[in-house]
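The values are calculated or read from the model by the stated rules, or taken from the named source; none is laboratory data. Worth saying up front: this structure is predicted, and the values here are computed from it rather than measured. For neighbour counting, all protein chains shown are included, and Cβ atoms are generated from backbone atoms with ideal geometry for every residue, glycine included. For the accessible areas, the whole protein counts, side chains as well, though only heavy atoms, and no ligand, DNA or RNA atoms are used. Shrake-Rupley method; radii C 1.70, N 1.55, O 1.52, S 1.80 Å.
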Amino acid sequence: MYLRLPPRIKVLEALGAIADGRIKIIDEHRAQVVSSEGDRVYDVYVDVSKGQVYSNDNGTKYRGYVGYPIIALLMIKGVIPFYRDVAEALKGIPWRELNEKYKKYAIVESIVKDIARKRGISPSYIDLVISRVIGKLKTLKLKLLPSMPS
């Protein structure tokens, strides 16, 4: 199955995960991503040459979109754009806590943009970053593998 484009907030979550140092590269195709609360570890696989990916995060596995762990690994690999300035402004954000408390990604995005604005990054620049990343994701056509390749 081909993965759908992610909700906008997932681009920001990926940037935050990188800034927080929560991605551990295993090899050329595999990584582990620790959740924002530190209680979960997601296994991630990306082979762009074959258009194949895997991740056991909820968004990818149950909702069928490109989850933030895959986006983060694609950024680290240089496949999609990475914006260090935005990532630094998103350090330490409790993503799961916010998502569960507000239940609407648009509300969480607004809160996160406000935090970033206070850290020197404008909401309009964040919108530009999100659209550039999603624009690049549109070109990839990523197929979800049924399990993590060994």
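What to note about this one:
- Among D27, D47, D114, residue whose mean-square fluctuation peaks in a GNM of the chain (springs only between Cα atoms under 10 Å): D27
- Summed over qualifying helices (DSSP H, 4 residues or more, each -39500 (n - 2.57)) and divided by its residue number, the chain shows a 222 nm mean residue ellipticity of -13500 deg cm²/dmol.
- Other-chain or far-sequence residues with amide H under 5 Å of S36's (modelled H): R96
- Cross-link pairs exceeding 26 Å in C-alpha to C-alpha distance, out of K101/K141; K10/K141; K103/K143; K10/K103, comprise K101/K141; K103/K143.
- Taking 0.36 nm per residue of sequence separation and removing the Cα-Cα distance, the L145/E88 pair yields an extension gain of 17.4 nm.
- Peptide packing for 121-134, 80-93, 63-76 was compared via the average number of neighbouring C-beta atoms within 10 Å per residue; ordered from the highest value, the list is 63-76, 80-93, 121-134.
- Shape call, region 1-84: gyration tensor on alpha carbons, a/c limit 1.5: rounded
- For L145, the shell of other residues with beta-carbons less than 15 Å away shows a net charge of +2, using +1 for Lys and Arg and -1 for Asp and Glu.
- What a 1.4 Å probe finds exposed on the chain is 51% carbon and sulfur by accessible area, rounded to a whole percent.
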